[in-house]
Every structure is written in C-alpha cells, then in structure tokens.
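First comes the structure, then the notes that go with it.
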Amino acid sequence: MILYPAIDIRDGRTVRLVQGDYERETAYDDDPVVAARRWADDGARWLHVVDLDGARAGEPRNLEHVQRIVAAVDIPIQFGGGLRDSGKVEEAIATGVERVVLGTAAVRDPELAEAVAAAHGDRVVVSLDARGGKVAAEGWTESSELTPEDALAALSERGIDRFVFTPVDVDGLMEGPDLDSLRALAGSTEAELIYSGGVGSLDDLRALASLELKNLDGVIVGRALYERRLTVTDGQAVMGGDSAGEAEEPPDS
C-alpha cells in the first residue's frame, strides 16, 4: 500500500477540514509548495492534492498552485476539486498531474465520468465521500440517496476502476478509520480503493493493513502528518513500503 500525504488548498494555503466542514478549518502552510516539498523529502511516493475552493465553486480555483507543486517535486500527483466537465479535466491534466479525481461530476453525471475514463484510462479516479452512509457531493455540502456500494457498482460498469473512499463522518478527527465501511465497500468490488479519513496514528495504519484487503491500494493521511503524530517514512513502513525496520510512535512533545 502507498501512503498519500494530503494537500488541501483553500485561499492559497494548505488547510485541513474537520468532517468536511468549511467552518472547521485549520491552516498549516501559507504556501502548499512548502507542504509538497516536505512530504517529498520525507519519502512520499504520491501526493493527493485537493482544491477546496474548486470543490465548492464547481470549477478549479487553484490550478496555478497545482502547477507549482508539480514543478517543485519529482513524484506523481493525483488532483481533484471542481473537475465537473471535460474541459476542466483537460486543464488539470495540462498542469502535469498524473491522475485526476472526479467527485460530484461522477455522481451527478455518470456519462461524463465514462467519457473521461474512455479518454484518460487509469489516470481517472472517482472520489466517493460518504456522510451517514450516503454519497455526499458539492464539496461535501449535499447528500445523495446513493450508497457508496451502489455508486461504485454503477461507475465500475462505466469503466472506472479506481476509487477514493472517504467516510466524511470520521475525516479530520484523528480518532480512527471507519474499518467496517471500508471492509464492506472493498468486499463489494474488485476495483482498486484508496482510503481516506480518521487516521491519527501508526496504529490506525496498522489496523487498515491488518484488514488484508487485496484491492486496498493506499491510504490518504492529512492532519496526523501536519500535527506530527506520524511521519511519512514510518507510515509507509507500517503499510509495507520501502522503509525498513519497525516503525515507532513519535514521542510525546
């Protein structure tokens, strides 16, 4: 599995939200490039970048920062936030990102997701953000009637084979991942999954790894990295990465 450090951009800064709530924001870096370089220097193999302004506005608002991140680090990036038509997808790909992440667009317009997947193949990821067991949209501000399993099955039939799954109810709390929801979703599909939400310690990563889900490709970690509850190196080691040795929890500060 791969550990994906999260870089969420709002008003040009690196921030983290709690449970997808834009009113519960913590800012960490005034420049997202600083975060990107830090995680790359710590051994990150991918970065997960989200344009929070774009997710709310319905179109990307921070592509210039994404392009700066691409230029600053030599690791692949997957990017999402406001990619709701093929033109915006093309603009995002033009920045140099390796993958594009569709959220609201895929839920509301499966035909668009199918067309984007046909054009860009495995460079396309769909984000399934679940609140209360239902898929959320519009930057986590609205709920649909679809379960994650239903949405994944429908989109898999349209050629999507990689998904990010975030139980928004635990996101940003650092109180542990939603193992039951992940296990249920992974058991319903052969598609590749990347999990996000609730990771606050190395033990949380161990718990995810212990599920031994063959289609769990990686885990996105945000606030726990920014608040130094774990490092990229140790996190990757716990999940079976390149780092050798037994990772230890960081000492209390």
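Cβ-Cβ distances below 7 Å connect no pair with a first residue in region 67-95 that is at positive phi and open to solvent by 40 Å² or more (accessible area, probe 1.4 Å), a second residue that is among the charged types (D, E, K, R) and in a helix (DSSP H, G or I), and a separation of six or more residues or different chains. Considering only region 170-177, I want to know if a residue exists there that is of a type in the set (G, A, S), modelled with pLDDT of 95 or more and outside any helix (DSSP H, G or I). Yes, region 170-177 has at least one match.
Each residue in region 155-198 was checked for being open to solvent by 20 Å² or more (accessible area, probe 1.4 Å), under 20 Å from W46 (Cβ atoms) and either touching a Leu at 6+ places or on another chain (Cβ under 7 Å) or basic (K, R) (or both), and 2 pass.
When you look at D21, is it within 18 Å of the chain's Cα centre (by Cα) and of a type in the set (D, E), yes or no? For D21, the condition - within 18 Å of the chain's Cα centre (by Cα) and of a type in the set (D, E) - is met.
Within this structure, A27 passes the test of being farther than 21 Å from V126 by Cα and either part of a helix (DSSP H, G or I) or in contact with a strand residue (DSSP E or B) (Cβ under 7 Å, 6 or more places away or on another chain) (or both).
A Cβ distance below 8 Å, combined with a sequence gap of six or more or placement on separate chains, defines the contacts here; from region 23-37, residues that are within 15 Å of D53 (Cβ to Cβ) reach residues that are assigned to a helix (DSSP H, G or I) in the pairs P32/H65; P32/R68; P32/I69.
If you go through region 39-49 and pick out every residue that is over 16 Å from the mean Cα position of the chain (by Cα) and part of a helix (DSSP H, G or I), you end up with 2. Filtering region 206-221 for residues that are of a type outside the set (K, R), at pLDDT below 95, under 22 Å from A6 (Cα atoms) and part of a loop (DSSP other than H, G, I, E, B) leaves an empty set. Of all residues in region 175-203, those satisfying the criterion of being within 15 Å of the chain's Cα centre (by Cα) and of a type in the set (A, V, I, L, M) are L182, L193, I194, V199.
Count, please, the residues in region 2-20 that happen to be assigned to a strand (DSSP E or B), within 18 Å of A224 (Cβ to Cβ), open to solvent by 10 Å² or more (accessible area, probe 1.4 Å) and of a type outside the set (A, V, I, L, M). Matching residues across region 2-20 total 2. Scanning region 228-253 for residues that are modelled with pLDDT under 95 and touching a strand residue (DSSP E or B) at 6+ places or on another chain (Cβ under 9 Å) gives M239, G241.
Does R61 satisfy being open to solvent by 40 Å² or more (accessible area, probe 1.4 Å), more than 26 Å from D178 (Cβ to Cβ), touching a helix residue (DSSP H, G or I) at 6+ places or on another chain (Cβ under 8 Å) and modelled with pLDDT of 95 or more? Criteria met by R61. Within region 93-109, the set of residues being over 16 Å from the mean Cα position of the chain (by Cα) and either within 20 Å of I7 (Cβ to Cβ) or of a type in the set (F, W, Y) (or both) comprises I93, A94, T95, G96.
The values are calculated or read from the model by the stated rules, or taken from the named source; none is laboratory data. Not measured: the values here are computed from a predicted model. We place every Cβ from the backbone using ideal geometry, glycine too, and count neighbours over all the protein chains shown. Side chains are part of the model used for accessible areas, which takes the heavy atoms of the whole protein and leaves out ligands, DNA and RNA. Shrake-Rupley method; radii C 1.70, N 1.55, O 1.52, S 1.80 Å.
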